[in-house]
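J.: Supplied in structure tokens, the structure appears directly below.
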Amino acid sequence: MAKCPKIALVTGHEFGIAALLGLICSKEYEEKKFSVDLIVAPSADKTKDIVGYSNPLTIASQIGASTLIATDSKLEKHRTLIADHQIDCLLVIGWSYLIAKNVRQCVRRTIDGIPATIGMHPSPLPVGRGRAPIPWTILKQLKKTALTVFLLDDKADSGPIVARYPFTVPPNSTSSDLFRIFQALHYSAGEGLAQCIANWKFATHKQDEALATRWLKRLPEDSCILPGMTIAEAMLLVRAARSPYPQAYIETPIGKRVIHVLERAPTARTKGRIQLNDGELWYY
């Protein structure tokens, strides 16, 4: 077994960049107790679909890591190249595709008998498996949430938990607010993983399937404010549908109008009024 674990990171997302920075800013990285040898980034045709896209190749160049542009999102076509790097641990962050089993199995080390392929998910797994966890956190009015670090397996977000970073959701948070909180937590998770990987010591536990919930993908049209909504529903949607996610909007005779804020009374910044099921709101 190699003395210095070698890491590959699969990402095209701000969260993945934050985790990478946490890793390479760690004491363990400075002491060369592990290395980041390969960065896998999405091909250009995939980037438009990534909410929170960020290009990791600049950092790859700065740290001297090899790079791979993935044309196959499950990475199966790239298995041989990844295996050639003799990677000990594969990190997959902000990547909305399941990694093929034979790719996960090509890493050289295991964690509790499972190939050392690690993901991060912005929900308190097993609650909130699936898509759009940050908007759903607001829409479901959760009081608490967490960034969960877990081992990848054959199903999305269902592998054993490696670490959890919980926090209380601030009142009246927007999806933008939570995005930035989770970004900072990914940095912290990268720092935490640096110590685990350098010493190759992990404390994992299985997810409780009895508590598992799955959240569905949200489409841009799900951010449309409809006349049949209540005031509470519309205001909640506007908070959940903020950048970098598709923003809330209304349909007007001249097309879509993006809604930044809804207010219960007109102000100097008011641009118009929306009639809803139980009253009206002003927007800008």
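J.: Run the numbers on the chain and let me know its relative contact order in percent, using alpha-carbon pairs under 8 Å that are six or more apart.
T.: 17 percent
J.: Mind running the shape call on the stretch 1-96? Use the C-alpha gyration tensor, a ≥ b ≥ c as the square roots of the eigenvalues: rounded below 1.5 for a/c, prolate if a/b tops b/c, oblate otherwise.
T.: The shape class here is oblate.
J.: How large, in percent, is the carbon and sulfur part of the accessible surface of the chain at a probe radius of 1.4 Å?
T.: About 52 percent, which is the carbon plus sulfur part of the accessible surface.
J.: Ok, one more. In Å², what does the accessible area per residue of the stretch 158-239 work out to with a 1.4 Å probe?
T.: Accessible area per residue, the stretch 158-239: 52 Å².
J.: Can you order the peptides 5-14, 89-98, 60-69 by their average number of other Cβ atoms within 10 Å per residue, highest first?
T.: Going from most to least packed, we get 5-14, 89-98, 60-69.
J.: Still on this model: Given labels modelled 7 Å from the Cα in the Cβ direction, how far is it in nm from Leu219 to His260?
T.: Going by the 7 Å Cα→Cβ label model, 2.9 nm.
J.: Hey, another quick one. Take the cross-link list Lys6/Lys32; Lys3/Lys77; Lys217/Lys256; Lys46/Lys77; Lys6/Lys206; Lys101/Lys155 and give me the ones stretching past 20 Å between alpha-carbons.
T.: Working: Lys6/Lys32 11 Å; Lys3/Lys77 29 Å; Lys217/Lys256 22 Å; Lys46/Lys77 16 Å; Lys6/Lys206 25 Å; Lys101/Lys155 10 Å.
Over 20 Å apart, Cα to Cα: Lys3/Lys77; Lys217/Lys256; Lys6/Lys206.
J.: Further, regarding this structure: P(r) of the stretch 181-247 in 10 Å steps, Cα pairs, percent per bin?
T.: 15, 25, 28, 22, 9, 2
J.: Same structure again: Antiparallel DSSP bridges in the chain: what percent, to the nearest 5? Before the final figure, lay out each step's value.
T.: Details: 26 of 47 bridges.
The answer is about 55 percent antiparallel.
J.: Just tell me, in residue order, which DSSP H segments of the chain are both 27 angstrom or longer along the helix axis (alpha-carbon based) and at least 0.0 in mean Kyte-Doolittle hydropathy.
T.: 175-199
J.: In what sequence, largest accessible area first, do Lys140, Lys217 appear using a 1.4 Å probe?
T.: Largest accessible area first, the residues go Lys217, Lys140.
J.: Report, in debye and to the nearest 20, how large the dipole of the chain comes out about its Cα centre when Lys and Arg carry +1 and Asp and Glu carry -1 on their Cβ.
T.: Using only the charged Cβ atoms, the result is roughly 120 debye.
J.: Quote the FRET efficiency, to the nearest 0.05, computed for Ala156 versus Ser66 with a Förster distance R0 of 30 Å and r equal to the Cβ-Cβ distance.
T.: Result of the calculation: an efficiency of 0.60.
J.: Run the 1.4 Å probe and let me know the accessible area of Met229, rounded to the nearest 10 Å².
T.: Only protein atoms counted, so the area is about 40 Å².
J.: Roughly what percent of Cα-Cα pairs across the chain reach past 34 Å?
T.: Here the tail beyond 34 Å accounts for 26 percent of pairs.
J.: Using θ = phi - 60° and the Karplus relation 6.51 cos²θ - 1.76 cosθ + 1.60, list the HN-Hα couplings for the stretch 143-151 in order, rounded to whole Hz, with x at every Gly or Pro.
T.: With the stated coefficients, the stretch 143-151 comes to 8, 9, 8, 6, 8, 10, 9, 8, 7 Hz.
The values are calculated or read from the model by the stated rules, or taken from the named source; none is laboratory data. Keep in mind that what you see is a predicted model, and the values were worked out from it rather than measured. Every residue, glycine as well, gets a Cβ built from its backbone with ideal geometry; the counts of neighbours run over all protein chains shown. The area values use the complete protein model at the heavy-atom level, side chains included, leaving out ligands, DNA and RNA. Shrake-Rupley method; radii C 1.70, N 1.55, O 1.52, S 1.80 Å.
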